[in-house]
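Working notes, beginning with the structure itself.
The values are calculated or read from the model by the stated rules, or taken from the named source; none is laboratory data. Being a predicted model, the structure only gives us computed values, none of them experimental. Glycine gets a Cβ as well: all are built from the backbone with ideal geometry, and neighbour counts include every protein chain shown. These area figures cover heavy atoms from the full protein model, side chains too; ligands, DNA and RNA do not enter into them. Shrake-Rupley method; radii C 1.70, N 1.55, O 1.52, S 1.80 Å.
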2 protein chains.
Amino acid sequence: SVKKEVSYSNRGMSLEDDINQSNQFYLLTNKAIIHKKPTPVQIVNVEYPKRSAAVIREAYFKLASTTDYNGVYKGRYIDFEAKETKNKTSFPLKNFHEHQITHMQQILDHGGISFIILRFSSTDESYLLDSSYLVHYWKEQSMGRKSIPKGEIEEKGYSITNGYQPRLNYLETVDRVYFYPSL
Amino acid sequence: SVKKEVSYSNRGMSLEDDINQSNQFYLLTNKAIIHKKPTPVQIVNVEYPKRSAAVIREAYFKLASTTDYNGVYKGRYIDFEAKETKNKTSFPLKNFHEHQITHMQQILDHGGISFIILRFSSTDESYLLDSSYLVHYWKEQSMGRKSIPKGEIEEKGYSITNGYQPRLNYLETVDRVYFYPSL
Ligand SMILES: [Mg+2]
Ligand SMILES: [Mg+2]
């Protein structure tokens, strides 16, 4: 009998959904404790109706001062941001903002693991790239280049495998890059 | 000339304010990268006015699935929750909820540093208590006791010094408990 290769395509699911599902899986299997931070909002007005829950009636989205995900894995502090693009040949730096870059550099300085997960949605390819490279390209922006060429991401980054459980097995990639780089 | 002892009382400032100010100080002095997580809200309805920022018109407070503070200090993952009480002789366990206790146990299991900061606001005393004790008292609740006696907190915990910069020097206490326990 001929076995058919099962291909787990994530087309249609957002990168954030995939990571949340993966984190949930990692939590349930006791592999890592990683959570998405809540969306930061500035709350201006709250209603307190009798006999029911408080309702926020006016609030505004705030710019995050950190990255979206952090937690602990194998005793190490782990911190990352995830972004996707429809671009095919490079990853636009406008997906990030100054505060996040500063935060990533701080995490690196203090001995944490800091990286970004980049997805090219048109081809459903995801990469892990250490934040040191992002910091480098961010600083080079003043020289003109506003994006990271895909070739550079393929060279300096590591591709992440799509699956069913977890949907995006990024900790396998983290192992390869930060824990057992000689394998 | 007689020098007057300067006493830094935090009376009137909330514990959360004190910790936020301390984290800001630690960040600026490059001592640790610790942030408060945003308040989790369930966003139901958003208005997008022309020419101005999106306004959240209906949202609800959600129960946090983790603790409020985490980050990296001396290469270690650090995670804590802060609570104050007006009680004088014990700390009521109703200040915590099941999800947070589970989260703390997970952090301990994965090699992170996990503790709580407890303040008795009537006397302005703050203590650091390792989460393992909270987990213990939480489980004992079924036996009847719904609070941690202050005597136990004084014995198992470590008092935190109030100051001006930072207002609550809890990392000095973290050093004493987790990094240089023999000093
Ligand atoms: Mg984000
Ligand atoms: Mg809280």
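Can you confirm whether the stretch A:11-33 contains a residue that is among the aromatic types (Phe, Trp, Tyr) and surrounded by 13 or more Cβ atoms within 10 Å (Cβ to Cβ)?
Within the stretch A:11-33, one or more residues are among the aromatic types (Phe, Trp, Tyr) and surrounded by 13 or more Cβ atoms within 10 Å (Cβ to Cβ).
Listed here are the residues, each with its yes/no results for (1) in contact with a Ser or Thr (Cβ under 8 Å, 6 or more places away or on another chain); (2) among the aliphatic types (A, V, I, L, M); (3) in contact (Cβ under 8 Å) with a residue 60 or more places away in the chain.
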residue	(1), (2), (3)
B:133	no, no, no
B:138	no, no, no
B:142	no, no, no
B:150	yes, no, yes
B:161	yes, no, no
B:176	no, no, no
B:179	no, no, yes
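Restricting the first residue to the stretch A:15-35 and requiring it to be farther than 26 Å from residue A:120 by Cβ, which pairs with a second residue that is part of a helix (DSSP H, G or I) and among the acidic types (Asp, Glu) meet a Cβ separation below 9 Å and a spacing of at least six or different chains?
If the second residue must be part of a helix (DSSP H, G or I) and among the acidic types (Asp, Glu), the pairs left are A:30/B:109; A:33/B:109.
If you check residue B:88 against the conditions, is it open to solvent by 40 Å² or more (accessible area, probe 1.4 Å) and part of a strand (DSSP E or B)?
Judged against the criteria, residue B:88 is not a match.
Of these, A:63, A:108, A:27, A:15, which one is out of contact with any strand residue (DSSP E or B) (no Cβ under 8 Å at 6 or more places or on another chain) and either within 24 Å of residue A:169 (Cβ to Cβ) or modelled with pLDDT under 95 (or both)?
Every option except A:63 fails the conditions.
One residue is enough: does the stretch B:31-39 have a residue meeting the conditions out of contact with any helix residue (DSSP H, G or I) (no Cβ under 7 Å at 6 or more places or on another chain), within 30 Å of residue A:75 (Cα to Cα) and away from ligand 1 (no atom under 16 Å from the Cβ)?
yes
Restricted to the stretch A:61-81, and to residues that are more than 11 Å from every other protein chain (Cβ to nearest Cβ) and buried (at least 22 other Cβ atoms within 10 Å of the Cβ), which residue is farthest from ligand 1 (Cβ to nearest atom)?
In this case the residue turns out to be A:80.
Check the stretch B:93-100 and report whether any residue there is within 14 Å of chain A (Cβ to nearest Cβ) and surrounded by 19 or more Cβ atoms within 10 Å (Cβ to Cβ).
yes
State whether the residues of the stretch B:42-60 include one that is within 16 Å of ligand 2 (Cβ to nearest atom), surrounded by 12 or more Cβ atoms within 10 Å (Cβ to Cβ) and not in a loop (DSSP other than H, G, I, E, B).
Among the residues of the stretch B:42-60, not one is within 16 Å of ligand 2 (Cβ to nearest atom), surrounded by 12 or more Cβ atoms within 10 Å (Cβ to Cβ) and not in a loop (DSSP other than H, G, I, E, B), which makes the answer no.
Output the number of residues of the stretch B:12-40 satisfying the condition of being over 15 Å from residue A:67 (Cα atoms) and facing chain A (nearest Cβ under 10 Å).
The qualifying residues number 6.
Is it the case that some residue within the stretch A:148-159 is among the aromatic types (Phe, Trp, Tyr) and surrounded by 22 or more Cβ atoms within 10 Å (Cβ to Cβ)?
Looking through the stretch A:148-159, none of the residues is among the aromatic types (Phe, Trp, Tyr) and surrounded by 22 or more Cβ atoms within 10 Å (Cβ to Cβ).
Please give the number of the condition residue B:113 fails out of (1) open to solvent by less than 30 Å² (accessible area, probe 1.4 Å); (2) within 21 Å of residue B:154 (Cα to Cα); (3) within 14 Å of ligand 2 (Cβ to nearest atom).
Every condition holds for residue B:113 apart from (3).
In the stretch B:102-158, which residue that is away from every other protein chain (no Cβ under 14 Å), among the small types (Gly, Ala, Ser) and outside any strand (DSSP E or B) is nearest to residue B:65 (Cα to Cα)?
Top of the filtered list is B:132.
Here are some conditions: (1) within 15 Å of ligand 2 (Cβ to nearest atom); (2) open to solvent by 60 Å² or more (accessible area, probe 1.4 Å); (3) more than 30 Å from residue A:104 (Cα to Cα). Residue B:140 meets all but one. Which one does it not meet?
Evaluating residue B:140 over (1) within 15 Å of ligand 2 (Cβ to nearest atom); (2) open to solvent by 60 Å² or more (accessible area, probe 1.4 Å); (3) more than 30 Å from residue A:104 (Cα to Cα) leaves (1) as the failure.
Among A:131, A:126, A:90, which is away from ligand 1 (no atom under 16 Å from the Cβ) and of a type in the set (Gly, Ala, Ser)?
It is A:90.
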